[in-house]
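One structure is given here, and the rest of the page talks about it.
The values are calculated or read from the model by the stated rules, or taken from the named source; none is laboratory data. Keep in mind that what you see is a predicted model, and the values were worked out from it rather than measured. Ideal geometry is used to build each Cβ from the backbone, glycine not excepted, and the neighbour counts take in all protein chains shown.
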Amino acid sequence: MNLNFRVVKLNEESRTFNRLKSVYDRISKPRDKFTNEFIIVGEEDENYKALQLNETGLNLIGDFKLDFISLTIPKKDFWWDGTLYTVFDIPKERLNVDLIDNIIRLNS
């Protein structure tokens with residue numbers, strides 16, 4: 001299912017960005033280059049559920065729903081330039097009605 005997403009970034013001064021980058025830097029031979037680009041797939045209180053993008057797009061794990069494999073990150077740590085969007089063709093088994101509704105609401 002084709003879904004539109006805002007491409008958001010973490011504030012590079014945030015503790016979340018620094019911790020995530022630090023963990024990535026400890027990987028001896030990373031498969032992908034670190035990118036500061038995320039898509040938002042849900043929200044929980046003062047946090048967004050986000051997936052980090054890589055050079056080739058998006059890594060999905062097993063048959064888990066998108067919100068299950070997402071990172072929970074404080075909303076205040078994100079910023080969006082107001083212009084960058086992307087479209088992903090997400091397999092339907094990775095989605096449910098509530099998740100689709102949340103993605104559309106949070107990315108429009």
Being polar (S, T, N, Q) and free of Cβ contacts under 8 Å to residues at least 60 places away in the same chain: is that true of Asn18 here? yes
All positions within the stretch 90-104 that are over 15 Å from the mean Cα position of the chain (by Cα) and part of a helix (DSSP H, G or I): Lys92, Glu93, Val97, Asp98, Asp101
With the structure loaded, tell me whether Thr86 is touching a residue at least 60 places away in the same chain (Cβ under 8 Å) and polar (S, T, N, Q) or whether it fails that test. yes
So which pairs qualify, if the first residue must be in the stretch 90-108 and touching a residue at least 60 places away in the same chain (Cβ under 8 Å), the second must be β-branched (Val, Ile, Thr) and buried (at least 16 other Cβ atoms within 10 Å of the Cβ), the Cβ gap must be under 6 Å, and the two must be at least 6 apart or on different chains? Ile103/Val41; Leu106/Ile40
Which is of a type outside the set (A, V, I, L, M) and at pLDDT below 95, of Phe38, Phe64, Phe17, Phe5? Phe64
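Determine whether the stretch 79-97 contains at least one residue that is aromatic (Phe, Trp, Tyr), surrounded by 11 or more Cβ atoms within 10 Å (Cβ to Cβ) and touching a helix residue (DSSP H, G or I) at 6+ places or on another chain (Cβ under 8 Å). Steps first, please.
Of the stretch 79-97, the ones aromatic (Phe, Trp, Tyr) are 79-80, 85, 88.
Now restrict to residues that are surrounded by 11 or more Cβ atoms within 10 Å (Cβ to Cβ): 79-80, 85, 88.
Among the residues that remain, those that are also touching a helix residue (DSSP H, G or I) at 6+ places or on another chain (Cβ under 8 Å) are: none.
Within the stretch 79-97, not a single residue is aromatic (Phe, Trp, Tyr), surrounded by 11 or more Cβ atoms within 10 Å (Cβ to Cβ) and touching a helix residue (DSSP H, G or I) at 6+ places or on another chain (Cβ under 8 Å).
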Criterion violated by Ser28 - all others in (1) modelled with pLDDT under 95; (2) outside any loop (DSSP other than H, G, I, E, B) satisfied: (2)
Condition met for Val87 (part of a strand (DSSP E or B), in contact with a Lys or Arg (Cβ under 6 Å, 6 or more places away or on another chain) and closer than 17 Å to Lys9 by Cα): no
Can you find even one residue in the stretch 40-53 that is in a helix (DSSP H, G or I) and surrounded by fewer than 18 Cβ atoms within 10 Å (Cβ to Cβ)? no
Can you find, within the stretch 1-57, the residue that is nearest to Thr83 (Cα to Cα) among those that are hydrophobic (A, V, I, L, M, F, W, C) and touching a helix residue (DSSP H, G or I) at 6+ places or on another chain (Cβ under 8 Å)? Phe5
Which pairs do you get when a residue that is closer than 14 Å to Val7 by Cβ, found in the stretch 47-61, comes within reach of a residue that is charged (D, E, K, R), reach meaning Cβ atoms under 7 angstrom, with the pair 6+ apart or on two chains? Tyr48/Lys75; Leu53/Glu37; Asn54/Asp32; Glu55/Asp32; Glu55/Lys33
Return the total of residues in the stretch 4-34 being surrounded by fewer than 13 Cβ atoms within 10 Å (Cβ to Cβ) and within 24 Å of Asn102 (Cα to Cα). 0
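Looking only at residues that are of a type in the set (A, V, I, L, M, F, W, C) and part of a strand (DSSP E or B) in the stretch 55-84, which one is nearest to Glu44 (Cα to Cα)?
Keep residues of the stretch 55-84 that are of a type in the set (A, V, I, L, M, F, W, C), which gives 58, 60-61, 64, 66, 68-69, 71, 73, 78-80, 84.
Filter once more, so that each one left must be part of a strand (DSSP E or B): 71, 73, 78-79.
Numbers: Leu71: 11, Ile73: 9, Phe78: 14, Trp79: 17 Å.
Among residues in the stretch 55-84 that are of a type in the set (A, V, I, L, M, F, W, C) and part of a strand (DSSP E or B), the one nearest to Glu44 (Cα to Cα) is Ile73.
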